[in-house]
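The values are calculated or read from the model by the stated rules, or taken from the named source; none is laboratory data. In this text, all values refer to a predicted model and were calculated from it rather than measured experimentally. So basically every Cβ, Gly included, is an ideal-geometry build from the backbone, and we count neighbours across all protein chains shown. Accessible surface is based on the protein model in full, side chains and every heavy atom, while ligands, DNA and RNA are left aside. Shrake-Rupley method; radii C 1.70, N 1.55, O 1.52, S 1.80 Å.
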Amino acid sequence: MPELPDLTILADAFGAALIDRTIDAASAVDPLVLRATPAELAAIVGDRLLQVRRRGKFLILETDRTTIWAAPMLTGRFGMVAPGVARPKGSVVLRFGHRVGPGPIETAAWVRGAEWLPAPEASIELRYLDPTRMGKLYLVPADNPREVPGTTPAELGPDADDPALTLDEFRARIRRHPGELKSLLRNQAFVAGIGNAYSDEILWAARLNPFRRRSSLAGEEVDALYAAIRETLTWSIAILRARVAPTFEKQVRDHLRVHLRGGLPCMRCGAAISQVGGREATSYCRACQR
């Protein structure tokens, strides 16, 4: 499942490649993943892309007439390729033409001058792939605004890497949210952007057992959890910047230190990593996560 680090990289890369290009064609090969009428999909042809950003576990593309909210869920992925390239085949495909403006004024430093960036005169396709159809793309026309599921203030808290989420604010928010720590981190109403994989990583970094109750945490453990969130996300984003492009549809997870490493030695203490659950497994070290 794409989480905050994955989607941060995609927002940077797709923004640098696609902003100020016009959508020349839009198709839904698998309309089950698209939450829009055929007329609304057809209407985005001719729109110019103004911004690409991330909010929680959503990738958001804003044109001059429509906002596209992409919720990839467990199996959704994105690919960016030249038109006609067989890999990867998409459920929803947006074809962008040549750049009609100067491009993004503020471009993330890591993408500047990248070899994979398309030339201003080139066409490029953004493809959304989802073999299980779990994810969804929501089109919200400016002249017909509507709520996207999971994005109301009650459902979507501050992004986990938001500078406005200070330690004091984090302490106040965590007091309002009960439950086990892993479930708490995955609760998008608490903080947004963390899923199954990075909740394991954060709790390992904080030396906290995923099944502990929030109410059992001492003050210094709350502070350690906050620090682990920031450290883990920053560390992973830096790795993904170097390893993800240009095959954006491939999700990089092999740098993680505990997630899905059941039976292997803990990188910190050497004890065997425990793993429970199936597809959405929880991985942790019983010896050094208390």
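Within the range 140-157, the only residue that satisfies the criterion of being open to solvent by 20 Å² or more (accessible area, probe 1.4 Å) and touching a Leu at 6+ places or on another chain (Cβ under 9 Å) is Gly150.
Can you pull out the residues in the range 119-139 that are open to solvent by 20 Å² or more (accessible area, probe 1.4 Å), assigned to a loop (DSSP other than H, G, I, E, B) and in contact (Cβ under 8 Å) with a residue 60 or more places away in the chain? Ser123, Arg133, Met134, listed by residue number.
Whether any residue in the range 87-106 is surrounded by 19 or more Cβ atoms within 10 Å (Cβ to Cβ), part of a loop (DSSP other than H, G, I, E, B) and of a type in the set (S, T, N, Q) is what I want to check. Yes; the residues of the range 87-106 include at least one that is surrounded by 19 or more Cβ atoms within 10 Å (Cβ to Cβ), part of a loop (DSSP other than H, G, I, E, B) and of a type in the set (S, T, N, Q).
No other residue among Leu240, Leu233, Leu225, Leu256 is closer than 15 Å to Asn196 by Cβ, modelled with pLDDT of 95 or more and in a helix (DSSP H, G or I) apart from Leu233.
Every condition in (1) open to solvent by 30 Å² or more (accessible area, probe 1.4 Å); (2) in a loop (DSSP other than H, G, I, E, B) is met by Ala205 except one, and the failing one is (2). Exactly one residue among Cys269, Cys288 is free of Cβ contacts under 8 Å to residues at least 24 places away in the same chain and part of a loop (DSSP other than H, G, I, E, B), and that residue is Cys269. Filtering Pro158, Pro149 for residues that are out of contact with any Pro (no Cβ under 9 Å at 6 or more places or on another chain), closer than 23 Å to Leu34 by Cβ and not hydrophobic (A, V, I, L, M, F, W, C) leaves a single hit, Pro149.
Among residues of the range 174-205 being free of Cβ contacts under 8 Å to residues at least 24 places away in the same chain and more than 22 Å from the chain's Cα centre (by Cα), the one that is farthest from Ala287 (Cα to Cα) is Arg176.
Only residues that are part of a helix (DSSP H, G or I) and either open to solvent by less than 60 Å² (accessible area, probe 1.4 Å) or among the aromatic types (Phe, Trp, Tyr) (or both) were counted in the range 158-191, giving 9. Ile229 meets the conditions (1) more than 24 Å from Asp130 (Cβ to Cβ); (2) open to solvent by 30 Å² or more (accessible area, probe 1.4 Å) in every case but one. The failed one is (2). Phe211 falls short on exactly one of the conditions (1) open to solvent by 10 Å² or more (accessible area, probe 1.4 Å); (2) assigned to a helix (DSSP H, G or I); (3) touching a helix residue (DSSP H, G or I) at 6+ places or on another chain (Cβ under 8 Å), and that condition is (2).
May I ask you to verify whether Ala197 is among the hydrophobic types (A, V, I, L, M, F, W, C), in contact with a His (Cβ under 6 Å, 6 or more places away or on another chain), crowded, with 16+ Cβ neighbours inside 10 Å and farther than 29 Å from Leu41 by Cα? In short, yes.
Take the conditions out of contact with any Cys (no Cβ under 8 Å at 6 or more places or on another chain) and crowded, with 20+ Cβ neighbours inside 10 Å and apply them to Gly79. Does it pass? Here the answer is yes, as Gly79 does meet what is asked. Can you find even one residue in the range 56-67 that is touching a strand residue (DSSP E or B) at 6+ places or on another chain (Cβ under 8 Å), open to solvent by 20 Å² or more (accessible area, probe 1.4 Å) and over 23 Å from Ala16 (Cα atoms)? Within the range 56-67, none of the residues are touching a strand residue (DSSP E or B) at 6+ places or on another chain (Cβ under 8 Å), open to solvent by 20 Å² or more (accessible area, probe 1.4 Å) and over 23 Å from Ala16 (Cα atoms). Scanning the range 243-253 for residues that are farther than 17 Å from Ala197 by Cα, open to solvent by 50 Å² or more (accessible area, probe 1.4 Å) and either part of a loop (DSSP other than H, G, I, E, B) or touching a residue at least 24 places away in the same chain (Cβ under 8 Å) (or both) turns up just one, Pro246.
For the range 14-42, the candidate set comprises residues that are assigned to a loop (DSSP other than H, G, I, E, B) and touching a residue at least 12 places away in the same chain (Cβ under 8 Å); within that set, the residue that is most open to solvent (accessible area, probe 1.4 Å) is Val29.
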